[in-house]
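This report concerns only the one structure given below.
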Amino acid sequence: MGIYANISFTLLEWLALTGLVQCVWILVYVLLRIQNWRSTMLVLGYFLVLGLSFLAQFSLRIHEYFEYIKLFQWFLWILTPPLSYLLILQVARNVVPNFREFFVLLLVPIAALTAFSIKDFSGVCDVKNPFCDDLFNWLYWISSIVGIV
């Protein structure tokens, strides 16, 4: 049987695997049917970010880089609502959104800066541990506000 007999996945990992497979399938399908690169870039970007978000769930098993992977995963998940907004605009109008509407993506770095500022000014985390659980609580709280906006 060897080492492969002890592999197991959690329910969250199975769901992430399902989402990853669907994103890869959509990306391959879209790549094979591209007619206009300009109008397809937003679709590719959205499903690439979404697929990387699902893939990051499996990377959380690497305990040495857990906090960094969790932060990267948060960044990918918070990026999906603004990209979804842009994609919905593109589908509704049947044209690529104009440059001004892409400023909605600036909400992501603003949210990250806000959470890290709260961490620094309020002393939420210990100086020795910059990625504490309270920082991630703030990050998730602020990302829900970005999703609502």
Q: Would you rank 148, 88 by solvent-accessible area, highest first, keeping every protein chain in place and using a 1.4 Å probe?
A: 148, 88
**Q.** Residue among 17, 63, 121 farthest towards the positive dipole end of the chain, charges placed on Cβ
**A.** 17
Q | By accessible area with a 1.4 Å probe, ligands and nucleic acids excluded, highest first: order of 93, 33 | A | 33, 93
(Q) Let me understand the chain better: what is its radius of gyration from the alpha carbons, and its Dmax, in angstrom? (A) 18.1, 58
Q | Theoretical FRET efficiency, 1/(1+(r/R0)^6), r = Cβ-Cβ of residue 100 and residue 39, R0 22 Å, to 0.05 | A | 0.80
Q. With each pseudo-label sitting 7 Å past Cα toward Cβ, what's the residue 29-residue 84 distance in nm, one decimal?
A. 1.9
Q | the stretch 5-149 - accessible surface per residue (Å², probe 1.4 Å) | A | 66
Q) If ligands, DNA and RNA are left out, what is the accessible area of residue 132 with a 1.4 Å probe, given in Å² to the nearest 10? A) 20
Q. Dipole magnitude of the chain about its Cα centre, charges +1 at Lys/Arg Cβ and -1 at Asp/Glu Cβ only, in debye to the nearest 20?
A. 580
Q) From the residues 89, 7, 73, which one has its Cα farthest along the dipole of the chain in the positive direction, the dipole being from +1 and -1 charges on Cβ of Lys/Arg and Asp/Glu about the Cα centre? A) 89
Q | Share of alpha-carbon pairs per 10 Å distance bin for the stretch 70-149, given as whole % | A | 18, 43, 24, 12, 4, 0
Q) Lys/Arg Cβ at +1, Asp/Glu Cβ at -1, dipole of the chain taken about the Cα centre: which of 46, 106, 146 is farthest positive-ward? A) 46
(Q) Can you give me the solvent accessible area of residue 68 with a 1.4 Å probe, rounded to the nearest 10 Å²? (A) 130
Q: Provide the solvent-accessible area of residue 120, counting protein heavy atoms only and rolling a 1.4 Å probe, rounded to the nearest 10 Å².
A: 100
Q) Roughly speaking, to the nearest percent, how much of the chain's 1.4 Å accessible area is carbon and sulfur? A) 68
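The values are calculated or read from the model by the stated rules, or taken from the named source; none is laboratory data. Everything quoted here is computed from the prediction, not taken from an experiment. Here Cβ is always computed from backbone atoms with ideal geometry, including for glycine, and neighbour counts include all displayed protein chains. Only protein heavy atoms, including side chains, enter the accessible area calculation; ligands, DNA and RNA are left aside. Shrake-Rupley method; radii C 1.70, N 1.55, O 1.52, S 1.80 Å.
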